[in-house]
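Input: a single structure, listed below in structure tokens.
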Amino acid sequence: MKRIRLTPLFFRRIHKWVGLILGLQFLLWALSGSVMALLDKDKVGGHGGGMSHAHPLPAGEYFDIAALPRGEPVTGVLLRDLGARPVYELRTTKGTRLVDATTGKDMRVDEDMAREVASMMNEAPIQKVSILARPNLEARDHDGAMWRVDFADAENSSAYVSLDTARFLVMRGDTWRTWDFFWMLHNMDYVNRKSFNHPLIIFVAFGALWLSGTGFYLLFKSFSRADFRWLRRRRKPVVTRSTA
């Protein structure tokens with residue numbers, strides 16, 4: 001069995017190939033970082049037409065919470081607005097449901113309600129409404145089933161509305177989608193696009209550290225005494241002779 005000798009030539013060969021592989025990722029880091037920095041931060045933020053969906057709750061009497069049907073234990077009650085309507089958001093052991101705060105009737109988060117909530121965030125015409133059983137990549141920061149409302153605007157915006165609470169979750173457009181693609185290249189999370197401390201990027205980080213260390217080693221080995229000859233040079237003193 002041939003013995004491996006840890007010579008400068010050995011390190012140079014490995015350094016060359018590791019540098020080629022990591023160099024491609026360095027290029028992607030520089031490219032993706034530049035693109036993300038150039039994109040409009042307001043459009044990347046994912047908040048559509050800039051309209052607020054919060055309304056002051058109307059004055060008057062509300063339905064008595066104690067009189068609500070109790071099919072399961074209630075763990076929390078929240079009075080909030082849904083457009084211009086006050087609603088109770090009941091949190092139970094089976095999930096969350098909405099109740100009209102003035103009549104006490106259960107409310108279903110149907111397509112019409114999803115359209116209404118989404119239209120508060122974007123004035124553009126609605127192109128398509130669909131339901132998602134689980135979050136997609138665009139709504140990955142949220143949980144549960146949701147409505148997706150697609151708009152016919154310049155950004156091809158999509159609003160996401162919770163199927164349980166009718167809450168507006170997030171708005172995504174083409175600028176954000178572009179940013180998210182380059183974010184995937186930047187943090188190297190090609191599946192979930194949200195983690196920056198996964199094994200692949202840690203491996204590349206240590207590879208970059210090794211590449212830097214061997215680079216300094218090879219740089220040091222590439223010098224010879226002749227390269228520092230200029231440091232040892234001294235000007236010879238000029239000797240003058242005087243004649244009597």
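Overall, segment 109-179 carries a charge dipole of about 240 debye about its Cα centre when +1 sits on the Cβ of Lys and Arg and -1 on the Cβ of Asp and Glu, all other atoms neutral. Largest first, the residues TYR190, TYR62 sort by 1.4 Å accessible area into TYR190, TYR62. Taking a ≥ b ≥ c as the square roots of the eigenvalues of the alpha-carbon gyration tensor, segment 63-146 is classed oblate because a/c is 1.5 or more while a/b is no larger than b/c. Sorting 91-104, 29-42, 142-155 by average packing, meaning the other beta carbons within 10 Å per residue, from highest down gives 142-155, 91-104, 29-42. Simple spin-label estimate for ARG91 and TRP29 gives 4.1 nm between the two label positions (7 Å along the Cα-to-Cβ direction from each Cα).
From zero outward in steps of 10 Å, how is the percent of C-alpha pairs of segment 109-233 spread across the bins? Computed distribution, short to long bins: 12, 27, 20, 12, 10, 8, 6, 5, 1. In segment 179-225, the convex hull through the Cα atoms has an average projected area of 4.1 nm², a quarter of its surface area. Basic side chains Lys and Arg get +1 at the Cβ, acidic Asp and Glu get -1 at the Cβ, and with that the dipole of segment 81-218 about its Cα centre reaches some 440 debye. Taking a ≥ b ≥ c as the square roots of the eigenvalues of the Cα gyration tensor, an a/c ratio of 1.5 or more together with a/b no larger than b/c marks segment 114-186 as oblate.
Between the listed residues THR102, GLY144, LEU78, the Cα displaced farthest toward the positive end of the dipole of segment 78-148, a dipole computed from Cβ unit charges relative to the Cα centre, is found at GLY144. Remark: segment 186-191, residue by residue, has Karplus-estimated 3J(HN,Hα) of 6, 9, 6, 9, 7, 10 Hz, where x stands for each Gly or Pro and the curve is 6.51 cos²θ - 1.76 cosθ + 1.60 at θ = phi - 60°.
The values are calculated or read from the model by the stated rules, or taken from the named source; none is laboratory data. Here the structure is a predicted model, which means the values were calculated and not measured. Glycine gets a Cβ as well: all are built from the backbone with ideal geometry, and neighbour counts include every protein chain shown. Ligands, DNA and RNA are excluded from the accessible area calculation, which covers all protein heavy atoms including side chains. Shrake-Rupley method; radii C 1.70, N 1.55, O 1.52, S 1.80 Å.
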